[in-house]
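The values are calculated or read from the model by the stated rules, or taken from the named source; none is laboratory data. Everything numeric here is computed off the predicted structure, so don't read it as measured data. No Cβ is skipped: glycine too gets one built from the backbone with ideal geometry, and neighbour counts run over all protein chains shown.
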2 protein chains.
Amino acid sequence: MTATGPAGQHTVRRHNCALVLAAVANEPGVSRAGVATRTGLTKATVSSLVDRLVLASLIREEGRQHRSGPGRRGTSLSLSPDGPHGLGVEIAVDHVTTCLVGLTGGTRHAHVRRADNRDGPARTLERVAGEVADALRRAEHDGIPVGGVGVAVPGLVEASGGRVHRAPNLGWHDVDLAEELACRVPVAPGELVVGNEANLAALAELAALRQAGGEIPESFVHVSGEVGIGAGLVLGGELFDGTRGFGGELGHFPVRPRGPRCSCGSRGCLERLAGQDAILDRAGARDVDALLALLDAADRTATSAVRSAGRLLGTALSSAVNLLDVPTVVLGGTYARLHPWLADPLTDELGTRVLSARWHPVEVRASVLGADAAVRGAATTALRTILTDPESFISPGRPPPHADSRTTSSVGSRIDGGSGVSPAS
Amino acid sequence: MTATGPAGQHTVRRHNCALVLAAVANEPGVSRAGVATRTGLTKATVSSLVDRLVLASLIREEGRQHRSGPGRRGTSLSLSPDGPHGLGVEIAVDHVTTCLVGLTGGTRHAHVRRADNRDGPARTLERVAGEVADALRRAEHDGIPVGGVGVAVPGLVEASGGRVHRAPNLGWHDVDLAEELACRVPVAPGELVVGNEANLAALAELAALRQAGGEIPESFVHVSGEVGIGAGLVLGGELFDGTRGFGGELGHFPVRPRGPRCSCGSRGCLERLAGQDAILDRAGARDVDALLALLDAADRTATSAVRSAGRLLGTALSSAVNLLDVPTVVLGGTYARLHPWLADPLTDELGTRVLSARWHPVEVRASVLGADAAVRGAATTALRTILTDPESFISPGRPPPHADSRTTSSVGSRIDGGSGVSPAS
């Protein structure tokens, strides 16, 4: 027995608190009574938990629904746009991007720092730490609570924990990114989530498509085309990141198997021949903006460079589509901007090489989020713990049942969980 | 109201009958009391349903468990090896194979007819019909009830229904195989299940690995290497056949994108360069037996031909593994026999090209079933309806609730479902 009562009560409240938050997230505008109906909890329990979530700025309570009778049960509940924000970080070959994304998807303080991150993990980490510290300062200045940090990396990331096995384009081998960053910024390793940038971008794109409404593909390959090329697979509405989290490495599909050496050690990989650097090089353009200017001016060399990349991308994607039978390819990252010039040669190549294409032509579309997808996905992922276990944000001092060391918190402003709320059951 | 009582009772019995059969299938040797515990049905209901299933030869009841007390509840129940068998048919480029597989996996009457099935659907269908008729005659002669027919085809098969969109190696376009076969053999279209041979082979291999016990891979790519090459993807213990059933087309991965024309219309496909015909051609061997003799004698040309195929196979599989992050590749079909010569160059290629291979080397193993996998998978799939809905076998005359036209039955011997069994609830 502890002074705060038997552990079981806290476990129950923790669980119910998550139930209530999920009910509100799934149905913005729901009333307290509606939450009670959907969760099966008593109205009294729901009310005390809603009060707790409102106090923590996780839920916002608005207006009164036009109903007779007393009380505030008729008010409308939704996730709070002023609650905790996820701080997203993308470490790309040629830039570090940061942004803050709130529970309702609103973005603030997006910032891109151009830099060549091929100069080794130590320098890149200093750069990243500087950007994270800047973002935290800006958040504090504006009174935006930060609920966690998500980092997108173009490499193989261990599914649990923050270790990057290999990021060929950064020249990284075995970097414990969560630990290394935690040494440099006021964030605990447990508040850092590290993920593959292509997977995070696909998740963000899926969320954006759902928010936009209309008919959205339930299965697609999202291609993140930057200096490196990665793919995020969405199958039946869910991310499939491989059996151990190392899937989606489209950039290393051999499109010219005896071709030039790639940074991964193999030969003729897609990204070596059709990645951003390869295209800029062939097109004779300094950067993507310059390339787009050439393309707009119908420059023959630039157009041919992009069309050639489109055919190579089609060669690689034909294997992915022949294997997984996905109806849609979404072009993200730099490829989203190049979509008008890439789409035709890519679609032609898929039409020739995909066995089922005669009956089911593959749809090729540009990403809604473009180059912002990965950093948004990183930020959103950082909020996932709060959404599934809001008590971890409300009372960070109290570890959940069966918690590991990764659940203690130190980022941003929190409400201490002194317990005026009676245990729900 | 019908003469046999309200529809609801039949629906309930149908459901409970399936529950009881599943309980026995999942736990061979279980007692009637054990089935009651596991299903939550009353002992009386279980007993009447078990009697019904025993009478239909779906369940076998054996011995007495050493227990005190009266009655036969202590006897041991298992699927009956003498019950309905699935008739499996494999239509390959160079043979038609048939076999009967019982509920417990026992195989009878396996038969291979060598033939060149590239002579158009009409002639091939005559050949297939002849083999099916032979198998049905032999089954009738030996008193083996046939519960359904499954056909494995090397092509794109529509997930629901028996239409083959395209089978490049057979030269088939849009063949309604279920309808066409039903015109030629005493089997209703609804009793014919048509599937892609690589998918059926992967399912059979998964079942065989589970039956063999020990540690088995939960995720693997099963490669069916014949004249054509297909893959069956097992992810987390389940077949993934693509979002519309057209997945697994490994044979059309471009391993030499500007290479020779393939039967699919594209260029440089894996099966064009590393399929059985390509290997035999390069090795100067008449057939696979002759090739194996040359390999056993360490013939340099033959060895080089197979090693070259192994490298090409590795090139294609590196894309599949980079995409899906599967730990294991299973070589099936002819490739299973060539495993000793294929494995090294294949493993080398995967080691170079798969990004995660340094931490997680890809395991390459030979299939347990080899060339028999597809036909076994076809036979087993034909029994699936009986296992999920045993009443469709016991009382074929009575359609299930919401039945489509494909559930009427005419194959083999059945027991008429005159209803001495009281409805279970």
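Tabulated values for the structure
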{"read-out": "Boolean, A:Arg300 is surrounded by fewer than 16 Cβ atoms within 10 Å (Cβ to Cβ), in the same structural domain as A:His252 (by TED's automatic domain parsing) and basic (Lys, Arg)", "value": "yes"}
{"read-out": "Residues that are among the basic types (Lys, Arg) and at pLDDT 90 or above, drawn from region B:350-382", "value": "B:Arg353, B:Arg365, B:Arg376"}
{"read-out": "Filter result (assigned to a loop (DSSP other than H, G, I, E, B) and not hydrophobic (A, V, I, L, M, F, W, C)) within region B:105-120", "value": "B:Gly105, B:Gly106, B:Asp116, B:Asn117, B:Arg118, B:Asp119, B:Gly120"}
{"read-out": "Residue satisfying condition, being crowded, with 21+ Cβ neighbours inside 10 Å, of a type in the set (A, V, I, L, M, F, W, C) and more than 14 Å from every other protein chain (Cβ to nearest Cβ), within set A:Leu280, A:Leu291", "value": "A:Leu291"}
{"read-out": "Residues that are in a loop (DSSP other than H, G, I, E, B) and in contact with a helix residue (DSSP H, G or I) (Cβ under 9 Å, 6 or more places away or on another chain), drawn from region B:129-146", "value": "B:Ile144, B:Pro145"}
{"read-out": "Among residues of region B:286-319, those that are under 29 Å from the mean Cα position of the chain (by Cα) and within 12 Å of B:Leu346 (Cβ to Cβ), counted", "value": "11"}
{"read-out": "Count of region B:101-122 residues which are among the hydrophobic types (A, V, I, L, M, F, W, C) and within 17 Å of the chain's Cα centre (by Cα)", "value": "4"}
{"read-out": "Residue, nearest to A:Gly245 (Cα to Cα), within region A:137-146, restricted to residues that are buried (at least 18 other Cβ atoms within 10 Å of the Cβ) and in contact with a strand residue (DSSP E or B) (Cβ under 6 Å, 6 or more places away or on another chain)", "value": "A:Val146"}
{"read-out": "Qualifying residue in region B:383-399 (condition: at pLDDT 85 or above, under 18 Å from B:Leu192 (Cβ atoms), touching a Gly at 6+ places or on another chain (Cβ under 8 Å) and in a loop (DSSP other than H, G, I, E, B))", "value": "yes"}
{"read-out": "Region A:355-374, residues that are within 16 Å of A:Pro217 (Cα to Cα), outside any loop (DSSP other than H, G, I, E, B) and away from every other protein chain (no Cβ under 14 Å)", "value": "A:Val364, A:Arg365, A:Ala366"}
{"read-out": "Breaking point among (1) surrounded by 24 or more Cβ atoms within 10 Å (Cβ to Cβ); (2) of a type outside the set (A, V, I, L, M, F, W, C); (3) more than 22 Å from B:Leu317 (Cα to Cα), for A:Gly230", "value": "(3)"}
{"read-out": "Condition met for B:Gly230 (in the same structural domain as B:Leu291 (by TED's automatic domain parsing) and either hydrophobic (A, V, I, L, M, F, W, C) or under 30 Å from A:Arg267 (Cα atoms) (or both))", "value": "yes"}
{"read-out": "Per-region count, region B:266-277, residues facing chain A (nearest Cβ under 7 Å) and touching a residue at least 60 places away in the same chain (Cβ under 8 Å)", "value": "0"}
{"read-out": "Residues located in region B:350-397, provided they are out of contact with any strand residue (DSSP E or B) (no Cβ under 8 Å at 6 or more places or on another chain) and within 23 Å of B:Ala201 (Cα to Cα)", "value": "B:Val368, B:Leu387, B:Thr388"}
{"read-out": "Residue list for region A:261-286, restricted to those being of a type in the set (D, E, K, R) and over 27 Å from B:Leu355 (Cβ atoms)", "value": "A:Arg286"}
{"read-out": "Which numbered condition B:Ala309 misses (of (1) over 30 Å from A:Ser308 (Cα atoms); (2) more than 10 Å from chain A (Cβ to nearest Cβ))", "value": "(1)"}
{"read-out": "Enumeration of residues in region A:147-180 that are buried (at least 22 other Cβ atoms within 10 Å of the Cβ) and either assigned to a helix (DSSP H, G or I) or more than 14 Å from chain B (Cβ to nearest Cβ) (or both)", "value": "A:Gly147, A:Gly148, A:Val149, A:Gly150, A:Val151, A:Ala152, A:Gly162, A:Leu177, A:Ala178"}
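Listed here are the residues, each with its yes/no results for (1) surrounded by 24 or more Cβ atoms within 10 Å (Cβ to Cβ); (2) farther than 22 Å from A:Val288 by Cα; (3) out of contact with any Gly (no Cβ under 7 Å at 6 or more places or on another chain); (4) at the interface with another protein chain (Cβ under 7 Å from one of its Cβ atoms).
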{"residue": "A:Ala212", "(1), (2), (3), (4)": "no, yes, yes, no"}
{"residue": "A:Glu215", "(1), (2), (3), (4)": "no, yes, yes, no"}
{"residue": "A:Ser219", "(1), (2), (3), (4)": "no, yes, no, yes"}
{"residue": "A:Val223", "(1), (2), (3), (4)": "yes, no, no, no"}
{"residue": "A:Gly237", "(1), (2), (3), (4)": "no, yes, yes, no"}
{"residue": "A:Phe246", "(1), (2), (3), (4)": "yes, yes, yes, yes"}
{"residue": "A:Gly251", "(1), (2), (3), (4)": "yes, no, no, no"}
{"residue": "A:Pro257", "(1), (2), (3), (4)": "no, yes, no, yes"}
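Residue-by-condition table, conditions (1) in contact with an Asp or Glu (Cβ under 8 Å, 6 or more places away or on another chain); (2) within 10 Å of chain A (Cβ to nearest Cβ); (3) farther than 25 Å from A:Cys262 by Cβ:
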residue	(1), (2), (3)
B:Ser318	yes, yes, no
B:Asp325	yes, yes, no
B:Val329	yes, no, no
B:Gly332	yes, no, yes
B:Arg337	no, no, yes
B:Pro340	no, no, yes
B:Asp344	no, no, no
B:Glu349	no, yes, no
B:Arg353	no, yes, no
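Conditions (1) at pLDDT 90 or above; (2) in contact with a Gly (Cβ under 9 Å, 6 or more places away or on another chain), marked per residue:
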{"residue": "A:Ala3", "(1), (2)": "no, no"}
{"residue": "A:Ala7", "(1), (2)": "no, no"}
{"residue": "A:Ala33", "(1), (2)": "yes, yes"}
{"residue": "A:Gly40", "(1), (2)": "yes, no"}
{"residue": "A:Ala44", "(1), (2)": "yes, no"}
{"residue": "A:Glu62", "(1), (2)": "no, yes"}
{"residue": "A:Pro70", "(1), (2)": "no, no"}
{"residue": "A:Pro84", "(1), (2)": "yes, yes"}
